[in-house]
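Since the structure comes first, as structure tokens, the remarks are kept for the end.
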Amino acid sequence: MRINLHTHTYRCHHASDVSDRLYIENAISAGFETLGFSEHIPCPFPDGHESSYRLFKRDIDDYFNTLRQLKEEYKNDINILVGFEVEYYPKYFNDMVNFVAPYKPEYFILGQHFTYNEEDGQYCAIKTDSYNCLKNYVDNALAGIETGKFTYLCHPDLINFTGDKKLYVDEMTRLCVGAKQHNLPLEFNFHGWRLHRHYPCSEFFKIAAQVGNDVVLGCDAHSPEAIITDDTESDALKLLGELGIKPLEIFPV
């Protein structure tokens, strides 16, 4: 694993309250060539409220200024990129992208946490047997993919569907086919693996193997320690290897 684009900081309010520098130094120790920071993008809701799990609008200057100073400081040791993890919200997507555009983020990764929009959708990690929820998740993810703005789809199997297995296979096949048609890789998410969550899901990656999707590894680091990937990377490579999937070591950003 030579590149990780899925890294959070204390600014998202649910990661370790430590210096950004520690993530970078651990990435260098782990042998990474590129480390991308992908904080949750601010969403300019019309009523002015802010999501508690995102970068607050007032912190965006600090996010870019600090990380770009560190990028210059460590330029001989590692390539630092500054971007965002972004949901595709039909009502707010363009507003989110336009709000951060003046800062010239270097990439976006698509992380679909809700169906529809944050205030009128369902959080996808909550167990559900609703086919409509499953379908809406796939519809939104595909709409995001079709914008052409993303480097990859992170935790593509976040939807926690407990209903009919055939429905799951059909909808996730639709998602994988859409991603492949747009040459968008799918992420095997280390954060979910470490915490023994319902994702990464072997059933999902069986489908991805059959469709022939490109797969990338993502630390989804919420602490500097999560950049040191040893056992998690070995587990991921073993599981994916059994399915005939060889993750991309390097991919264009």
Exercise for review: Can you bin the stretch 113-253 into rounded, prolate or oblate? Criterion: square roots of the alpha carbon gyration tensor eigenvalues sorted a ≥ b ≥ c, rounded for a/c under 1.5, prolate for a/b above b/c, oblate for the rest.
Suggested key: rounded
Check your understanding: Once label points are set 7 Å from the Cα along Cα→Cβ at both Glu25 and Tyr123, what is their separation, rounded to one decimal in nm?
Key -> 3.4 nm
Review point. Tell me, what is the percent relative contact order of the stretch 103-157, built from C-alpha pairs under 8 Å that lie six or more residues apart?
Key: 49 percent
Check your understanding: At 222 nm, what helix-only mean residue ellipticity would the chain give, in deg cm²/dmol to the nearest 500, using -39500 (n - 2.57) for each DSSP H run of four or more?
Key -> -11500 deg cm²/dmol
Point to revise | For the stretch 197-210, Karplus couplings with θ = phi - 60° (6.51, -1.76, 1.60), whole Hz, Gly/Pro x | key: 7, 6, 10, x, 10, 4, 4, 5, 6, 4, 5, 4, 5, 5
Revision key, fill the gap. Using the Kirkwood formula on alpha carbons, the hydrodynamic radius of the stretch 123-178 in angstrom works out to 11.5 Å
Study note, to complete from the structure: Filtering GluC sites (Glu not before Pro) in the stretch 1-39 by DSSP loop and by at most 16 other Cβ atoms within 10 Å leaves Glu33
**Study point:** Farthest toward positive dipole pole in the chain [+1 Lys/Arg, -1 Asp/Glu at C-beta], among Thr232, Ile250, Leu55
**Key:** Ile250
Practice item. Compare the peptides 131-140, 99-108 by average per-residue count of other Cβ atoms within 10 angstrom and give them in order, highest first. Key: 131-140, 99-108
**Study point:** Whole-Hz couplings from phi, Karplus 6.51/-1.76/1.60, listed for the stretch 212-221; x for Gly and Pro
**Key:** x, 5, 6, 10, 10, 9, x, 5, 6, 6
Practice item. Using a/c under 1.5 as the rounded threshold, could you call the stretch 1-129 rounded, prolate or oblate? The axes a ≥ b ≥ c are square roots of the C-alpha gyration tensor eigenvalues, and prolate needs a/b larger than b/c, oblate otherwise. Key: prolate
Point to revise | Protection-proxy order for peptides 225-231, 242-248, each taking the mean of Cβ atoms within 10 Å per residue, highest first | key: 225-231, 242-248
Check your understanding: If Arg68, Arg58, Arg197 are ordered by their accessible area, calculated over protein heavy atoms with a 1.4 Å probe, which sequence runs from highest to lowest?
Key -> Arg58, Arg197, Arg68
Exercise for review: Kindly provide the pair-distance distribution of the chain built from C-alpha pairs, with 10 Å bins from 0 and whole-percent values in order of increasing distance.
Suggested key: 7, 32, 38, 20, 3, 0
Practice item. Output ³J(HN,Hα) for the stretch 49-63: one whole-Hz value per residue in order, computed from phi by the Karplus curve 6.51 cos²θ - 1.76 cosθ + 1.60 with θ = phi - 60°, and x for Gly and Pro. Key: 6, 10, 5, 6, 9, 10, 4, 6, 4, 5, 9, 5, 4, 5, 4
**Study point:** Beta bridge orientation in the chain: antiparallel %, DSSP, nearest 5
**Key:** 5 percent
Review point. Which value, in debye to the nearest 20, describes the size of the charge dipole of the chain about its Cα centre when Lys and Arg Cβ atoms bear +1, Asp and Glu Cβ atoms bear -1, and nothing else is charged?
Key: 460 debye
**Study point:** Net charge over other residues, Cβ less than 10 angstrom from the Cβ of Gly111 (K, R count +1; D, E count -1)
**Key:** -4
Exercise for review: State the answer as a single residue: which of His40, Cys124, Ser202 lies farthest towards the positive end of the charge dipole of the chain, with beta carbon charges of +1 for Lys and Arg and -1 for Asp and Glu, about the Cα centre.
Suggested key: Ser202
Check your understanding: How high is the relative contact order of the chain, given as a whole-number percent (alpha carbon pairs under 8 Å, six or more residues apart)?
Key -> 20 percent
Exercise for review: Report, by chain and number, residues whose modeled amide H sits under 5 Å from the one on Arg197, excluding near sequence neighbours (fewer than 5 apart, same chain).
Suggested key: none
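The values are calculated or read from the model by the stated rules, or taken from the named source; none is laboratory data. Since we're looking at a predicted model, the values are computed, not measured. Methodologically, a virtual Cβ is constructed for each residue, glycine included, from the backbone with ideal geometry; neighbour enumeration extends over all protein chains shown. Note: areas computed on protein heavy atoms with side chains; ligands, DNA, RNA excluded. Shrake-Rupley method; radii C 1.70, N 1.55, O 1.52, S 1.80 Å.
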